[in-house]
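All remarks here apply to the structure that follows.
The values are calculated or read from the model by the stated rules, or taken from the named source; none is laboratory data. Note that the coordinates shown come from a computational prediction; the quantities given were computed from them, not determined experimentally. Please note: Cβ atoms are built from the backbone with ideal geometry, for glycine as well, and neighbour counts cover all protein chains shown.
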Ligand SMILES: Cc1cc2nc3c(=O)[nH]c(=O)nc-3n(C[C@H](O)[C@H](O)[C@H](O)COP(=O)(O)OP(=O)(O)OC[C@H]3O[C@@H](n4cnc5c(N)ncnc54)[C@H](O)[C@@H]3O)c2cc1C
Ligand code: SF4
């Protein structure tokens, strides 16, 4: 028995869930997004208090295993050299991301042909370029046009974030080595933009930007999607996708509402946008008589071979003041070894 029938249900209101909600909103279909976390409140962000650095290691840690908020579930990453980071709530990972916004290069789509590894993509950069541009506009990406590492034609939405003293030190270093450098593309508003206040360079981007300057999708796509009629329901955790055995198609979801009551929502279209861990988790949880190994799993590969994003840094101590604590952090990049 279904409690309700809608046109589209989106599972997860993070980066991709917010973008797809906005992109479908103009159809005026009845679209519901079920998101397990609550709407982030900028007034709660650690930077509004003096203990913000300590809170970055506690309730605003990027690790759900440390944070342990009601919206988080523990993730066993014992066998992984790279630990899980995420955020569960509208905006998803972008609430804690630094806003670094490099595009793929055309060569990324042809790694099999060019480098003999992995596989070529079924699409190329030129096909995706209009969508990169649209996303830059929605997210409010700052940058400087003319980077020779990119194909020509990319236009910046706003001026770049300031290099600052640390960026100038890095630029001098790159110049001495003769390496490429360029001001980074960052989804940080350097001017008042789309209802968001401009960045004030405080430097605490990775515990949530209380200023609203950082383009996390709770402040970029979601206000537009909600205004256009999308029904975003927070603190609703999806348990599984249901199947219509006659058509062999997904028919809706079973979820827990904010009071923990189990509900069934029928939908003509089911969109799964629950990230690299949550998406296979739901597909496997949805095992049923017609799909005993979970949905979309005829290969047996769902939930295997997850590739996390490695990250390494070098920290330097300088005699002169370089204002390394100020933000945004991602002010300069080099694609010398891309
Ligand atoms: C600390 C950090 C730094 C990062 N830095 C950058 C950066 O500088 N630049 C960059 O491009 N990327 C960065 N990223 C990565 C980027 O944020 C992610 O790639 C992006 O958010 C993934 O989008 P997604 O929609 O797939 O998943 P997410 O944004 O994770 O959204 C998935 C959503 O689904 C919800 N969900 C999951 N399961 C369920 C369920 N069962 N029921 C209901 N809802 C559910 C989750 O709560 C979450 O809100 C960073 C991420 C983190 C965490
Ligand atoms: S440095 Fe800018 S983007 Fe980062 S938290 Fe401060 S205001 Fe937000």
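Every condition in (1) touching a strand residue (DSSP E or B) at 6+ places or on another chain (Cβ under 8 Å); (2) touching a residue at least 12 places away in the same chain (Cβ under 8 Å) is met by residue 258 except one, and the failing one is (1). Return the residues of region 199-213 that are within 10 Å of ligand 1 (Cβ to nearest atom) and crowded, with 24+ Cβ neighbours inside 10 Å; say none if nothing qualifies. Result: 205, single match.
The single residue among 107, 80 that is more than 6 Å from ligand 1 (Cβ to nearest atom), more than 17 Å from residue 39 (Cβ to Cβ) and in a helix (DSSP H, G or I) turns out to be 107.
Per-residue answers, yes or no, for (1) loosely packed, with under 14 Cβ neighbours inside 10 Å; (2) away from ligand 2 (no atom under 16 Å from the Cβ):
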{"position": "251", "(1), (2)": "no, yes"}
{"position": "300", "(1), (2)": "yes, yes"}
{"position": "306", "(1), (2)": "yes, yes"}
{"position": "329", "(1), (2)": "no, no"}
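All told, residue 222 meets the bar of being at pLDDT 95 or above, outside the structural domain of residue 317 (by TED's automatic domain parsing) and either buried (at least 21 other Cβ atoms within 10 Å of the Cβ) or over 29 Å from residue 67 (Cβ atoms) (or both). On the basis of being outside the structural domain of residue 182 (by TED's automatic domain parsing), within 16 Å of ligand 2 (Cβ to nearest atom) and closer than 30 Å to residue 153 by Cβ, does residue 49 make the cut? Criteria not met by residue 49. Flag: residue 231 does not match the condition of being touching a strand residue (DSSP E or B) at 6+ places or on another chain (Cβ under 9 Å), over 21 Å from residue 74 (Cα atoms), surrounded by fewer than 22 Cβ atoms within 10 Å (Cβ to Cβ) and at pLDDT below 95. Return the pairs, sorted by first residue and then second, in which the second residue is away from ligand 2 (no atom under 16 Å from the Cβ) and part of a loop (DSSP other than H, G, I, E, B), the first residue lies in region 6-30 and is touching a residue at least 24 places away in the same chain (Cβ under 8 Å) and farther than 22 Å from residue 281 by Cα, the beta carbons are less than 7 Å apart, and the residues are 6+ apart or on different chains. Filtered contacts from region 6-30: 6/30; 7/29; 7/30; 25/228; 25/229; 25/230; 26/228; 28/229. Condition test on residue 242, is it at pLDDT 95 or above, crowded, with 16+ Cβ neighbours inside 10 Å and under 19 Å from residue 288 (Cβ atoms)? Yes: the conditions hold for residue 242.
Okay, residues lined up against (1) free of Cβ contacts under 8 Å to residues at least 12 places away in the same chain; (2) closer than 24 Å to residue 321 by Cα:
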site	(1), (2)
148	no, no
157	no, no
162	no, yes
167	no, yes
175	yes, yes
194	no, no
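If I filter region 168-198 down to residues being within 23 Å of residue 56 (Cβ to Cβ) and more than 16 Å from ligand 1 (Cβ to nearest atom), which single residue comes out as farthest from the chain's Cα centre (by Cα)? Within region 168-198, the match that is farthest from the chain's Cα centre (by Cα) is 197.
The single condition from (1) more than 30 Å from residue 166 (Cβ to Cβ); (2) in contact (Cβ under 8 Å) with a residue 12 or more places away in the chain; (3) under 20 Å from the mean Cα position of the chain (by Cα); (4) in a loop (DSSP other than H, G, I, E, B) that residue 308 fails is (1).
Residues are listed down the side, and each one gets a yes or a no for (1) within 20 Å of the chain's Cα centre (by Cα); (2) within 16 Å of ligand 2 (Cβ to nearest atom); (3) crowded, with 19+ Cβ neighbours inside 10 Å:
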{"site": "86", "(1), (2), (3)": "yes, no, yes"}
{"site": "98", "(1), (2), (3)": "yes, yes, no"}
{"site": "101", "(1), (2), (3)": "yes, yes, yes"}
{"site": "107", "(1), (2), (3)": "no, no, no"}
